[in-house]
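Take a look at the structure below.
The values are calculated or read from the model by the stated rules, or taken from the named source; none is laboratory data. Computed from a prediction, not measured in an experiment: that's the story for all the values here. Positions of Cβ are backbone-derived with ideal geometry, glycine not excepted, and every protein chain shown enters the neighbour counts. Surface accessibility is based on the protein's heavy atoms, side chains included, excluding ligands, DNA and RNA. Shrake-Rupley method; radii C 1.70, N 1.55, O 1.52, S 1.80 Å.
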Amino acid sequence: MSVSTLEKNVLDVIKERRATKQYDPEAEISREELMELLQVMGEAPSAWNLQHWSFMAFHNKESQEKLLPIAYNQQQITEASAVVAILGDLRANENVDAVFDPAVEEGAMSAEIKQALNGQIQGAYENEQFARDAAFTNASLAAMQFMIAAKAKGWDTCPIGGFNAAQFVEEFEVSDRYVPVMLITVGKGSKEARKSGRLNIEDLVSFV
């Protein structure tokens, strides 16, 4: 595949992605294919490569039924083939050794650079607001990557911010290390998703 063809395919996938809210309840996604999409999501970029996220997969109707009232009874929760909850990591600074030690061992990073980066990270994480902002920002990058990968594989998705986060944490016993960011339904759309309009990009861009 040529670079130009690859570029066209990626852009087509991005432009074709729509927030799909009505799914074929009979469509099933295999555990293997769902894991493949989750793997791609976990390869998203993140600040300092700390990978500020955790994912919860609801891949059966029983668990999706438990999630339904928490998501204000949006039927896409149970009609979708699966639902993925994106959690932001409020203590991603604790990932430093797991992330950087392999690079040091492989010679891709010096111990001195790791030490300097660790100082930056721990200093930044003394600010709780920074930690929360970083959790949402970086987990959202992963979420977008999941939706694009899903579309490339022929699946439809919808990001959902409308759910009771406190109830979600209580029902599914989520550690206080993590904050719920969004839910993403994935499945086969039962009807074509509505194309939404976009603001004029010229009104949103300023060149400096």
Does at least one position in region 91-106 carry a residue that is modelled with pLDDT of 95 or more, of a type in the set (Phe, Trp, Tyr) and not in a helix (DSSP H, G or I)?
no
How many residues does region 97-119 contain that are closer than 16 Å to residue 52 by Cα and exposed (fewer than 11 other Cβ atoms within 10 Å of the Cβ)?
1
Checked against (1) modelled with pLDDT of 95 or more; (2) closer than 26 Å to residue 191 by Cβ, residue 49 satisfies every condition except (2)
Of all residues in region 44-73, which are touching a residue at least 24 places away in the same chain (Cβ under 8 Å), under 23 Å from residue 174 (Cβ atoms) and in a loop (DSSP other than H, G, I, E, B)?
44, 46, 50, 51, 52, 59, 72
Pair list, Cβ < 6 Å and 6+ apart or interchain, from region 184-208 residues that are in contact (Cβ under 8 Å) with a residue 60 or more places away in the chain to residues that are open to solvent by 80 Å² or more (accessible area, probe 1.4 Å) and part of a loop (DSSP other than H, G, I, E, B):
190/22; 191/22
Would you mention how many residues in region 28-43 are surrounded by fewer than 16 Cβ atoms within 10 Å (Cβ to Cβ), over 14 Å from the mean Cα position of the chain (by Cα) and not in a helix (DSSP H, G or I)?
2
Pairs, first free of Cβ contacts under 8 Å to residues at least 40 places away in the same chain in region 137-164, second surrounded by fewer than 20 Cβ atoms within 10 Å (Cβ to Cβ) and among the small types (Gly, Ala, Ser), C-beta under 8 Å, six or more apart:
none
Could you count how many residues in region 156-205 are modelled with pLDDT of 95 or more and of a type in the set (Gly, Ala, Ser)?
7
